[in-house]
Amino acid sequence: MQELIFWLIFSVVAATLIFTQVAITAPKPVVSQPSKLELPDVAKKDNDAQLIYENEVISEKLSKLSQERTTIYALGEFSGPAFNEKSVKEGALQVAFQILISELELVKNSLLQQLNSVLKGEKNEALLARTVELFEQLYQRLPLDGSLAVTYKIWRKGKGEVTTYYYLVLFDDEYARSLIESIGTDLVQQLQDYDISFKELWEAALAGYAKQKSKASEK
């Protein structure tokens, strides 16, 4: 009887040790972390360029975004006489806006393609023309609306009598969509009459833009 009890206790202890060892040595599942969005950093490429401004609110938001989030940005550069830095800064910002507009042209073209795929005929042509008009209004607002194109970072470089400024601006696509919906209620309503959501078209256009940029970066 004592021998039977001894073997029962021995079996329980042995089983416990084996289970514990397996639990310790078993590999833990690897949880993939979302990759952070990488934006241009002028100071990393040019030691003479000094960061003089950074929007900390935007930095915090970007740190929480994964690479899957479509972010449209532009880096403007402009050089001029050191005694007139104000004009140099303005020049860099205007260059950034021009680059941003060229990026938004890709979004616009993607949106037009979406419309072409769901609508045909004269009514579609009217909607296409109205969409182009709304984008033109959007471009005109870029220098006037700081919420539409947010200045994220500014770098400055001085070399002799020449000063260079770099402006990194980010496009707020959600704010832009709400803006288009407010000034283009006629377009939104016409699309609704066809059971088409402008929001879904806009998101599809951003996805199309991201796809184009991804293909271009692979070349």
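The values are calculated or read from the model by the stated rules, or taken from the named source; none is laboratory data. Owing to the predicted nature of the structure, the values given are computational and were not obtained by experimental measurement. For neighbour counting, all protein chains shown are included, and Cβ atoms are generated from backbone atoms with ideal geometry for every residue, glycine included. Note: accessible area is taken over every heavy atom of the protein model, side chains too, but ligands, DNA and RNA are not part of it. Shrake-Rupley method; radii C 1.70, N 1.55, O 1.52, S 1.80 Å.
Numerical summary
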quantity	calculated
Segment 56-97, residues that are within 24 Å of the chain's Cα centre (by Cα), in a helix (DSSP H, G or I) and of a type in the set (Val, Ile, Thr)	Val57, Ile58, Val95
Scan of segment 175-193 for residues that are charged (D, E, K, R), open to solvent by less than 80 Å² (accessible area, probe 1.4 Å) and without any contact (Cβ under 8 Å) to a residue 24 or more places away in the chain, ordered by number	Glu181
Condition check for Trp155: farther than 25 Å from Glu77 by Cα, of a type in the set (Phe, Trp, Tyr) and under 21 Å from the mean Cα position of the chain (by Cα)	no
Any hit, segment 194-201, residues being open to solvent by 60 Å² or more (accessible area, probe 1.4 Å) and part of a helix (DSSP H, G or I)	yes
Test: residue in segment 140-158 that is surrounded by 13 or more Cβ atoms within 10 Å (Cβ to Cβ) and in a helix (DSSP H, G or I)	yes
Subset of segment 161-174 that is surrounded by fewer than 14 Cβ atoms within 10 Å (Cβ to Cβ) and in contact (Cβ under 8 Å) with a residue 24 or more places away in the chain - its residue that is farthest from Tyr209 (Cα to Cα)	Glu161
